[in-house]
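Undergrad: Pasting in a structure now, in structure tokens, and then I'll have a few things to ask.
The values are calculated or read from the model by the stated rules, or taken from the named source; none is laboratory data. It should be emphasised that the depicted structure is a prediction, and the values quoted were computed from it without experimental measurement. Counting neighbours? That spans all protein chains shown, and the Cβs are built from the backbone with ideal geometry, glycine included.
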Amino acid sequence: MTDHRSRRRTLGGIVAGATAGAGVWGTIKRFRSQVSDGYDVAEVAVEGPITREGSRLPSSRQRSIPADKVVGEIERADDDPNVRALIVKLNTPGGEVLPSEDIRIAAERFSGPTIAYATDTCASGGYWIASGCDELWAREASIVGSIGVRGSNVNAKGLADKLGLEYQPLNAGEYKDAGFPLKEPEEEDQEYLQGIVDDYYETFVERVAEGRGLDEETIRETEARVYLGTDANENGLVDELGTREDIEDHLADRLDTREVTVEEFEPQQNFLERLRAESQGVAYAFGAGVAGAVGADEEFRLRL
């Protein structure tokens, strides 16, 4: 009985002391992980095009998880008392702007060490996400970079003319139909749409500069190029080169433990979500599916 009460007093002292300090949650996590035989590192994957709904490219087995579900898994890992560190596995060509930003914010808010790990490809939106992590690791042959923004729309005015179709606009607001496929392209519209792309690009550069500790001009000088992991490491876009095992060894050192055990936090999709992902993938393949729309008509789209 005395030992039992003693253990309770010891635990109460630890919790009370942690409550008085700024690192209360981290302290509780460390204590519980020491007495647990389970995992102590969470891995959340961002694979495929980054979209709000998730997608899968035709003729590909790779299906992306909806961005909101990725955010949910990161938050679930942060709430898990066993989890002391987070690995964000990245294999993505990029995608929508705001979903990428949502995942970046979730990684940035995680209360512990965070390592972004580029496997095959960490481009554009993937790099945006990585800028919210403490470190970015890659393999020597990984493809990394593409810090840029692309806006696109398909103009079908010529085809409409051949078919005898005439566009008769009924708009309120000068730029409401900017980028509309059946409208004759106008210089003012192009300048307006280019301005939106430029604004997103400046935000991208600022995010990367702040998160990765790089000079903004250095980022702009990449001109949205992609690099092999070795070159990305040399120019500062990647912190370290290594395998998954190397990352685990590194985390063990950071967490002051002999070794770490990684648990994959993988969200589940129901039938309707998988069906929606298939249709999103078809749209992506035709250049229209992974962008954040500007305006309710969704003729002009942005993609990281």
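Undergrad: I need the full set of residues from the range 214-234 which are exposed (fewer than 13 other Cβ atoms within 10 Å of the Cβ) and either more than 18 Å from Ala118 (Cα to Cα) or touching a His at 6+ places or on another chain (Cβ under 7 Å) (or both), in order please.
TA: Result: Asp215, Glu217, Glu221, Glu223.
Undergrad: Another question, then. Residue under question is Tyr201, and the condition is that it be hydroxyl-bearing (Ser, Thr, Tyr) and in a helix (DSSP H, G or I); does it hold? Talk me through it step by step, then tell me what you get.
TA: Working: hydroxyl-bearing (Ser, Thr, Tyr): yes; in a helix (DSSP H, G or I): yes.
It is true that Tyr201 is hydroxyl-bearing (Ser, Thr, Tyr) and in a helix (DSSP H, G or I).
Undergrad: Hey, among the residues in the range 148-196 that are assigned to a loop (DSSP other than H, G, I, E, B) and in contact with a strand residue (DSSP E or B) (Cβ under 9 Å, 6 or more places away or on another chain), which one's modelled with the highest pLDDT? Quick ask: steps written out before the conclusion?
TA: Within the range 148-196, the first condition is being assigned to a loop (DSSP other than H, G, I, E, B), and the residues that meet it are 148-149, 153-156, 163-186.
Checking which are in contact with a strand residue (DSSP E or B) (Cβ under 9 Å, 6 or more places away or on another chain) leaves us with 149, 153, 179.
Details: Val149: 92, Asn153: 76, Gly179: 75.
The residue in question is Val149.
Undergrad: Is it fair to say Asp120 is surrounded by fewer than 24 Cβ atoms within 10 Å (Cβ to Cβ), within 16 Å of Gly229 (Cβ to Cβ) and at pLDDT 95 or above? Walk me through it before giving the result.
TA: Numbers: surrounded by fewer than 24 Cβ atoms within 10 Å (Cβ to Cβ): yes; within 16 Å of Gly229 (Cβ to Cβ): yes; at pLDDT 95 or above: yes.
For Asp120, the condition - surrounded by fewer than 24 Cβ atoms within 10 Å (Cβ to Cβ), within 16 Å of Gly229 (Cβ to Cβ) and at pLDDT 95 or above - is met.
Undergrad: Among the residues in the range 286-298, are any within 19 Å of the chain's Cα centre (by Cα), farther than 30 Å from Asp177 by Cβ and at pLDDT below 95?
TA: Kept after step one, since they are within 19 Å of the chain's Cα centre (by Cα), are these residues of the range 286-298: 289-293.
The next check asks that each one be farther than 30 Å from Asp177 by Cβ; those that pass are none.
No: zero hits.
Undergrad: Another question about this same structure. Part of a loop (DSSP other than H, G, I, E, B), closer than 30 Å to Thr222 by Cα and of a type in the set (A, V, I, L, M, F, W, C): does that describe Val144?
TA: Numbers: part of a loop (DSSP other than H, G, I, E, B): no; closer than 30 Å to Thr222 by Cα: yes; of a type in the set (A, V, I, L, M, F, W, C): yes.
Judged against the criteria, Val144 is not a match.
Undergrad: Within the range 81-118, work out how many residues are touching a Leu at 6+ places or on another chain (Cβ under 9 Å) and closer than 15 Å to Glu248 by Cα.
TA: The number of residues fulfilling the criteria is 10.
Undergrad: So, restricting to helices (runs of 4 or more DSSP H) that lie completely within the range 1-107, which ones have at least 2 residues that are at pLDDT 95 or above, buried (at least 19 other Cβ atoms within 10 Å of the Cβ) and over 10 Å from the mean Cα position of the chain (by Cα)? Walk me through it before giving the result.
TA: Details: elements: 2-20, 24-34, 67-79.
It comes to 67-79.
Undergrad: A further question on this structure: Any residue in the range 190-203 that's more than 17 Å from Tyr175 (Cα to Cα): show its pairings with residues that are assigned to a helix (DSSP H, G or I) and at pLDDT 90 or above at Cβ separation under 7 Å, as long as the two are six or more apart or on different chains.
TA: Qualifying pairs under 7 Å: Tyr200/Val97.
Undergrad: Another question, if that's okay. Among the residues of the range 91-106, what is the count of those that are aliphatic (A, V, I, L, M) and farther than 16 Å from Phe204 by Cβ?
TA: Initial filter on the range 91-106 (aliphatic (A, V, I, L, M)): 97-98, 103, 105-106.
If we keep only those that are farther than 16 Å from Phe204 by Cβ too, we end up with 106.
Qualifying residue count, the range 91-106: 1.
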